[in-house]
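The structure follows.
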Amino acid sequence: MRPVRRIGFLAVALVLPWTQTASAGYMDDIGYTSMVARRTLASQPIPNGSGVKVTQVEASLDVNGTQYLPYTPPSTIPVAFSGKTFTDKTGIGAYSSHAYTVGTYYYGNSGIASGIATIDVYSAGNWLDTGFLRAYNRYAPKVETSRIINASWVSKDSQTSDADAIEITRRLDYMVVRDNVLAVVAVNNGSTTTVPKLLGQSYNAIVVGRRDGGGSHGPTSLDVAGRSKPDIVAPGTASSYATPMVSAAAGLLMQTAGSDVHASKELTIKALLMGGATKTEFVSWSHTQTQPLDSRYGAGELNIDNSDRILTSGEQEASAVADVGTTGWDYDTLTASGKTYFFEVAAG
């Protein structure tokens, strides 16, 4: 892990050497190729994230805190992002190769969410402090108008107190619900590292690890210890690149959900991503009644085809008498008596 900027209350670091990339076949691995084939056969449109505004939060590459943009300001946009509109929310940015590569997986024209065209970009330190979350400030976090936030960086635990981490993460959790935005955050690299104190122990964000098991994992240590993280994994060769794969997949689901009030909830999108994840590729994947997620791979590997099937099968209302579909979802509030869903299971 490379420290890249010291700010007032913590150090922020990239989650990987930014020269690494995922294999060219990652679209097959995450179910995108099979989704396209299935939708094409059914003469259905292929979602690409069109109409979904996003935010990218980046740790700067330099000690001055300026290298965090995926383009060269003021207006030199790489071909990979042609047609897209960027807003430098921190306002002092210069080009970052790490931000560029994250962007290619997140909203790049050769990626799965090429239709995403409006991107706000922050430096991590500014986003944590006065720019957005306003940590240690009597004001609430600013209102987020994006639908997805991608954070491919971690804090340096040795320079982040438990109290600071809890304060900031609670602000993130609050903002996610208030503004209906999906926050997608990375764990650290290294199979022996612990889950980062900051953001990685969030309740409401979706925390992303590496399919190869090379990222931090295990129970949370703050704000109720023992919760399993990560929530899901993806095939990036490092956490920074696995994370925007999940963000991009979320963009496809949000486009498909459209104006449906329940389907477009950040909680529904998170549940669809985790519910569609595959586990058969992990021979050691296991869970228990008290630990519903695997300690290393979470819900499993991102599979946008499965998540899209669940979403498009429609909301299935609880009923004490009627069957629901074998595929689908529901957004509801539990009561003391719970909810009942009946469905048919084929013989065998």
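May I ask you to list the residues in the stretch 173-197 that are buried (at least 19 other Cβ atoms within 10 Å of the Cβ) and among the basic types (Lys, Arg)? First the steps, then the outcome.
Within the stretch 173-197, the first condition is being buried (at least 19 other Cβ atoms within 10 Å of the Cβ), and the residues that meet it are 175-176, 181-189, 195-197.
Result: Lys197, single match.
Okay, next question. So if I check each of Ser216, Ser286, Ser228, Ser221, which one is out of contact with any Asp or Glu (no Cβ under 9 Å at 6 or more places or on another chain) and in the same structural domain as Gly108 (by TED's automatic domain parsing)?
Exactly one residue qualifies, and that residue is Ser216.
Do we find a residue being in the same structural domain as Tyr203 (by TED's automatic domain parsing), surrounded by fewer than 21 Cβ atoms within 10 Å (Cβ to Cβ) and closer than 11 Å to Val208 by Cα anywhere in the stretch 251-268?
No, the stretch 251-268 contains no residue that is in the same structural domain as Tyr203 (by TED's automatic domain parsing), surrounded by fewer than 21 Cβ atoms within 10 Å (Cβ to Cβ) and closer than 11 Å to Val208 by Cα.
May I ask you to list the residues in the stretch 138-166 that are farther than 30 Å from Ala263 by Cα and not hydrophobic (A, V, I, L, M, F, W, C)?
Arg138, Tyr139, Ser155, Lys156, Asp157, Ser158, Gln159, Thr160, Ser161, Asp162, Asp164
The values are calculated or read from the model by the stated rules, or taken from the named source; none is laboratory data. Remember, predicted model here, so these are calculated numbers, not experimental data. With ideal geometry, Cβ positions are generated from the backbone for all residues, glycine too; neighbour counts draw on all protein chains shown.
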